[in-house]
Amino acid sequence: MKLIISFLFLFTLPIMVKAQSASIYENRQFTYPNGKKKAVILSYDDGLKQDIRLIKLLNKYHIKGTFNLNSGLMGKTAPWLKDLIGQEGEYLTSSEIKKTYRFHEVAVHTAHHPALNSINKETEIINEVVSDADYLTDLVGYKVKSMAYPFGAYNDFVISTIATTQITNARTVISTKSFDLPDSLLAWHPTSHHFDALPSIKEYVSLFPSVPTVYVLWGHSWEFDQGKPDNNWEMMKEICQEIGGKEDIWYVGAAEFVDYLLAIQNITIEDNVIKNNSPIPIWVIIEGESVKIK
């Protein structure tokens, strides 16, 4: 069935037809902003001082990062890092957060970095997640609602508990090498860790997809100080050069990306009129063309 946009009724029409609106998302009959069908999300954990150097690199190549932080560790040392890079690490202080990440997304990594799948009390999980989200929200001035699991540790109980909070998406550490949209937003498997990402990044950059896709790159900025052949700053610079500054890619944070997917899923239709029920613009495919709906 052809869908016709009636701008006269676009914002006022009461909508009843659920199956039609669901099919727009399920059949991928939409694009990202301005007709793009590729999106890149960089998701980096822990909030150590090395993030400052990584952010300078991302800014140079116009790439947006989602940085998952532990509010309970801010301003402290990271003695555990000595075994990995030869010296102790330093967590950024709370006063550095807003300025350091001002062009990027700040996200939850729990307050104290526990393995959540080892906690069997719902209140303890919620406290680790919500206290971190609330503290970070106060620091940056916007609602923090993305997350990455510490150690990549989660289970069904953790997911069902987090689903009761403000968190809309939570990243795992299970790399898929896939460019598909996430099957589960609260168990969102990334495309690749940076140490072996270059081949799939080159594939993605050269891709001309017919439907929306996404590349999620993850890691820790302190890893680059290891200076290994597959984990160093020059390698990350090459990654940024390869994937950054492309006109057909939407560089976006995890929360903004998920807000967009939810807006598409929330479309309603009646009498061939599409209604965007979200506060953000969306783009849908109408007769083969990407059309913006305010």
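Total residues in region 221-238 satisfying the condition of being of a type outside the set (Asp, Glu) and either within 22 Å of Val106 (Cβ to Cβ) or not assigned by TED's automatic domain parsing to the domain that holds Ser200 (or both): the figure is 4.
Among the residues of region 61-77, the ones that are surrounded by 19 or more Cβ atoms within 10 Å (Cβ to Cβ) and not charged (D, E, K, R) come to 10 in all.
Would you confirm whether or not region 107-121 contains a residue that is closer than 28 Å to Asn34 by Cβ and outside any helix (DSSP H, G or I)? Within region 107-121 (the criterion being closer than 28 Å to Asn34 by Cβ and outside any helix (DSSP H, G or I)), the answer is yes, since at least one residue qualifies. Which condition number in (1) without any contact (Cβ under 8 Å) to a residue 24 or more places away in the chain; (2) crowded, with 16+ Cβ neighbours inside 10 Å is the one that Tyr251 fails? Only one criterion is unmet by Tyr251, namely (1).
Pull up region 208-218, narrow it to residues that are closer than 18 Å to Gln29 by Cα and not polar (S, T, N, Q), then point me to the one that is surrounded by the fewest Cβ atoms within 10 Å (Cβ to Cβ). Break it down stepwise before answering.
If we filter region 208-218 for residues that are closer than 18 Å to Gln29 by Cα, which is where we start, we get 208-214.
So of that shortlist, the ones also not polar (S, T, N, Q) come out as 208-209, 211-212, 214.
Numbers: Phe208: 7, Pro209: 14, Val211: 14, Pro212: 23, Val214: 24.
Ranking the qualifying residues of region 208-218, first place goes to Phe208.
Restricting the first member to region 262-283 and to residues that are more than 13 Å from Thr31 (Cα to Cα), and the second to residues that are of a type in the set (Lys, Arg), the beta-carbon pairs closer than 8 Å and six or more apart or on different chains are Ile267/Lys275; Thr268/Lys18; Thr268/Lys275; Ile269/Lys275; Asn272/Lys2; Asn276/Lys294.
The helices (runs of 4 or more DSSP H) found wholly in region 134-246 and carrying at least 2 residues that are charged (D, E, K, R) occupy 198-205, 233-243.
Among the residues of region 24-71, the ones that are among the aliphatic types (A, V, I, L, M) and in a loop (DSSP other than H, G, I, E, B) come to 1 in all.
This table checks each residue for (1) more than 18 Å from the chain's Cα centre (by Cα); (2) of a type in the set (S, T, N, Q); (3) under 28 Å from Trp250 (Cβ atoms); (4) surrounded by fewer than 16 Cβ atoms within 10 Å (Cβ to Cβ).
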| residue | (1), (2), (3), (4) |
| --- | --- |
| Lys121 | yes, no, no, yes |
| Leu139 | yes, no, yes, no |
| Ile162 | no, no, yes, no |
| Asn169 | no, yes, yes, no |
| Pro182 | no, no, yes, no |
| Leu186 | no, no, yes, no |
| His193 | no, no, yes, no |
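The values are calculated or read from the model by the stated rules, or taken from the named source; none is laboratory data. All values derive from a computational prediction rather than experimental measurement. With ideal geometry, Cβ positions are generated from the backbone for all residues, glycine too; neighbour counts draw on all protein chains shown.
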